[in-house]
Amino acid sequence: MGGPRSYTHRCSRRAFEAVAHLLAETPAEGEGTALGDIAEREQLAFTQANVALEFLKERGLVEVRHRRCYPATCGDLYLDAMVEFHALAHARAQGRARADGQGADHPDTGGS
């Protein structure tokens with residue numbers, strides 16, 4: 001049989017934007033929010049909300065205090081989140097271009 005397979009959790013751009021907006025509107029002090037709150041409020045599948053939230057935590061845009069999530073920056077969390085989203089998308093496109101033999105400098109001309 002084939003080699004080992006790996007699975008990467010993903011979320012839609014719509015889900016990512018919804019989570020980023022909600023967290024940008026969350027006060028840095030107070031109750032914060034949690035994964036279940038996010039999924040319910042934004043009507044997202046739990047996994048979709050979780051992938052977006054974990055990505056934002058990984059990038060240092062969200063911090064967790066007492067199992068509640070808060071914006072980690074004083075700036076525009078939504079803008080920062082979208083920069084990170086597009087940077088990851090660009091890096092993935094560059095990787096695909098290299099794999100297809102198009103070279104590292106080949107621009108991503110795909111949609112979205």
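The values are calculated or read from the model by the stated rules, or taken from the named source; none is laboratory data. Values in this document were obtained by computation on a predicted structure and should not be read as measured data. Note that we place each Cβ from the backbone using ideal geometry, even for glycine, and neighbour counts take in every protein chain shown.
Points worth noting:
- Figure legend. Inter-residue proximity from segment 17-33: first residues on the phi > 0 side of the Ramachandran plot and without any contact (Cβ under 8 Å) to a residue 40 or more places away in the chain, second residues assigned to a loop (DSSP other than H, G, I, E, B) and crowded, with 17+ Cβ neighbours inside 10 Å, beta-carbon distance below 9 Å, spacing 6+ or different chains. Indicated pairs: G32/T26.
For (1) surrounded by fewer than 17 Cβ atoms within 10 Å (Cβ to Cβ); (2) more than 11 Å from the chain's Cα centre (by Cα); (3) of a type outside the set (A, V, I, L, M), each residue gets a yes or a no:
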{"residue": "R10", "(1), (2), (3)": "yes, no, yes"}
{"residue": "R13", "(1), (2), (3)": "yes, no, yes"}
{"residue": "F16", "(1), (2), (3)": "no, no, yes"}
{"residue": "A20", "(1), (2), (3)": "no, no, no"}
{"residue": "L23", "(1), (2), (3)": "no, yes, no"}
{"residue": "E29", "(1), (2), (3)": "yes, yes, yes"}
{"residue": "G32", "(1), (2), (3)": "no, yes, yes"}
{"residue": "D37", "(1), (2), (3)": "yes, yes, yes"}
{"residue": "E42", "(1), (2), (3)": "no, yes, yes"}
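- Exclusive hit being at pLDDT 95 or above and within 11 Å of the chain's Cα centre (by Cα), set L88, L61: L61
- Just so you know, in segment 35-72 the residues that are among the small types (G, A, S) and out of contact with any strand residue (DSSP E or B) (no Cβ under 6 Å at 6 or more places or on another chain) include one that is nearest to L88 (Cα to Cα), and it is A52.
- For segment 64-85, taking the residues that are within 14 Å of the chain's Cα centre (by Cα) and surrounded by fewer than 15 Cβ atoms within 10 Å (Cβ to Cβ), the one that is nearest to R10 (Cα to Cα) is identified as V83.
- A49, sole failed condition from (1) loosely packed, with under 15 Cβ neighbours inside 10 Å; (2) within 23 Å of Y7 (Cα to Cα): (1)
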